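Every read-out reported here was derived from the displayed coordinates using simple, explicitly stated rules and does not represent laboratory data. Keep in mind the model is a prediction, meaning the values are calculated, not measured. Neighbour counts run over all protein chains shown; Cβ positions are idealised from the backbone, glycine included.
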């Protein structure tokens, strides 16, 4: 809704500007295409935040508020304590980057807390980006920093407090390298020897025989002009159709695999569980709308924004097409 | 080439039956195929027959209004590397380099890397906003963008993490997975310099441009102004048609020679500023961990790199004798000057032929003759770009950068051919 409103606003502004430009063309522009962007319009998309705090909005949020939001919307993927390595872990590993087993986490790797705020605001939660209020983003930022013992449990973050946060890896980055310009100085200096270049060719690494097919049938993948294509083009028909398309578009497959569990159970597992249960469809539609936990393990499913009609199609597909 | 054996070389991913191969089965397959070949010669006493398609009408026009590959090529597809990512929305698919010719990647086979899935952008509702340190902040429709003076250029896009799985050891079996986060297209669009001039960039203060996508991740990357004013394009065309959704439909940035993530897809906003943004994709990701625990940040350039695509991992040489070694070379610093090929693990090298056109920051196809004696061989290619930079070995790279950096692995690739003709991925040093 937010998006369509902003689109409507943009279109309205464009119409007004078009009329305006008829009145007096902007002679400073060589081509003059497009329309002037007003400060109000720009404010809708100009959400970036720099390390110096430029772009941070007014607002505030506490660690405690952040924990409540995190448990409801983030913990299913990132783990209760930000420990899950299914995605890049949020917490832990501070001081480990120089070791033989570096733990790359938000806490151990990030140099500026402003970037954490920027990223949550634009891209999280994964299945509903840009759905959080400014205060919620401050609160979540505070909680993630607290999970890393960077701010205390009673911390409240606002613009000023966030800029003042010093991340453990603040000084862990360098731009002293040759990759910033096409004429940058390389860090290797190989020479193009042509004959008798080495007498010592040793095997350092190869794929173990048992792992040769870890990427599927590589003979099939490298073949040319196959004639035995009877099955090559055919997706399992049960997995296709409108239900599959809606499930894909609605982001269901981010947490549920068709035939293997990810954060939530596999859809085929759900189908098996409810086989023969006449009330299953109604139950599952409600569950998708309202969220729930406990049927397939501890991970909670957050409430979903899809329309009831779409959810019904998806549920029908799971229950009746995937068995 | 002095004495090439009479039998022509053939490469196959044989045996044709699927499933795991054993040495015995493989040996039998080779013996069988050679026997079949010689038998066929002996029995060629019948006139050539007309196969069914020669004796019937074919399909009418518009059987496929948008043409698709022959059904026998159904195995030439993008693939994912199992276990690499946790969701299909924030993931990567790899280009099947082993199956492609020339330098242009078919649009439908160009590798994908998305951070929040592929958005379904409605083109007439899409807008590009340009603002920040400019005289006249401006909002553009797609129609506006297409009206600007346009250019078409051929450039590669390579993910900074291409070959990243192989820093410590061999991890994946074929060139699709070792080097397939790589594509090369003819891109059409507006030079970013034209747009920045139009809005009146404040050259006294401006140093960087932030590019932002319209996907769920609204991915952001910092582009240095010097680069932005040089050869960066705002692109809507790919290989003669509008961009594919997976490649940023309807509008993307194209930063030639720079790691793919900077070529922001579904481009909706360009902000001109005086300092880099340190975005999530240039602090938590796309930074290179060095020994000692320091990360290199803003590692934009893709250094010169090459790989043999045939013969390559997973293939099988069915015959001794002539084989053309084929591969790709490229450099983010400009043109490919030369490619050398070794078949003995780097002891001796010969210079390959380069197929024109040889374009800056584009894939270049190289080829060289090879007569396989049947003895085990170690195939390598080594590119030298127009700056004189020589592609390093994995040993030379590790000596400087260790094995934890994930990004920018441009090491020389080695394919081992064993006595049975089986080609596998190995690292030597």
Looks like region B:360-409, by Cα gyration tensor root eigenvalues a ≥ b ≥ c and the a/c under 1.5 rounded cutoff (else prolate when a/b is bigger than b/c, oblate otherwise), is oblate
For region B:228-298, what does the alpha-carbon gyration tensor say about shape, rounded, prolate or oblate, given a ≥ b ≥ c as the root eigenvalues, a/c under 1.5 as rounded, and a/b over b/c as prolate?
prolate
Going by how many other Cβ atoms sit within 10 Å of their own, how do A:183, A:86 line up, fewest first?
A:183, A:86
Using Cα centres only, tell me the gap between region B:177-213 and region B:256-335 in whole Å.
17 Å
Suppose R0 equals 45 Å. What FRET efficiency, 1/(1 + (r/R0)^6) with r the Cβ-Cβ distance, do residue B:124 and residue B:418 give to the nearest 0.05?
0.20
Separation of region B:351-387 and region A:253-320 by C-alpha centroid, Å?
52 Å
Tell me, what is the percent relative contact order of region B:305-426, built from C-alpha pairs under 8 Å that lie six or more residues apart?
33 percent
Could you state the number of Å between the C-alpha centres of region B:45-62 and region A:37-64?
67 Å
Once you have the alpha carbon radius of gyration of region B:60-195, what is it after dividing by 2.2 N^0.38 Å, with N set to its residue count?
1.32
Label-point gap, in nm, between residue B:386 and residue A:28 - each point 7 angstrom along Cα→Cβ
3.8 nm
Given 0.36 nm per residue, what is the gain on full extension from residue B:320 to residue B:353 after removing their alpha carbon distance, in nm?
9.7 nm
Using Cβ counts within 10 Å as a stand-in for footprinting exposure, how do A:140, B:359, B:270 rank, fewest first?
B:359, B:270, A:140
Given 4 °C, 1.567 mPa s and a Kirkwood radius over Cα pairs, the Stokes-Einstein diffusion coefficient of region B:329-395 in µm²/s is 103 µm²/s
Over region B:195-260 - Rg/Rh using Cα atoms and the Kirkwood inverse-distance radius
0.98
Could you state the per residue volume, in Å³, of the convex hull enclosing the Cα atoms of region A:238-321?
82 Å³
Cα-based helix-to-principal-axis angle, B:23-42 vs chain B, degrees rounded to 10:
70 degrees
Let me know the volume per residue of the alpha-carbon convex hull for region B:305-426, in Å³.
106 Å³
How many partner chain Cβ atoms sit within 10 Å of a residue's Cβ in peptide A:118-126, on average, as a whole number?
5
Ascending count of other beta-carbon atoms within 10 Å, so fewest first, for A:283, B:361, B:265
A:283, B:361, B:265
Per-residue ellipticity at 222 nm attributable to helices in the protein assembly as shown (runs of n ≥ 4 DSSP H, -39500 (n - 2.57) apiece, nearest 500 deg cm²/dmol) works out to -7000 deg cm²/dmol
Averaged over residues of B:203-215, the number of beta carbons from other chains lying within 10 Å of each residue's Cβ is 1
Can you list the equivalent-ellipsoid semi-axes of region A:60-164, largest first and in whole Å, using the square root of 5 times each Cα gyration tensor eigenvalue?
21, 16, 12
Quick one: what do you get for the protein assembly as shown if you divide its Cα Rg by 2.2 N^0.38 Å?
1.02
Contour minus Cα-Cα span, residue A:133 to residue A:183, at 0.36 nm per residue, comes to 13.6 nm
Sort chain B into rounded, prolate or oblate with this rule: let a ≥ b ≥ c be the square roots of the eigenvalues of the Cα gyration tensor; rounded if a/c is under 1.5, and if a/c is not under 1.5, prolate when a/b is larger than b/c, oblate otherwise.
prolate
Within region A:202-224, backbone nitrogen closer than 11 Å to the virtual label 7 Å beyond the Cα of residue A:272 toward Cβ:
none
Roughly how crowded by other chains is peptide B:312-325, in terms of the mean Cβ count from those chains within 10 Å of each of its Cβ atoms?
2
Using 7 Å Cα-to-Cβ label points, what is the residue A:101/residue A:258 separation (nm, one decimal)?
3.7 nm
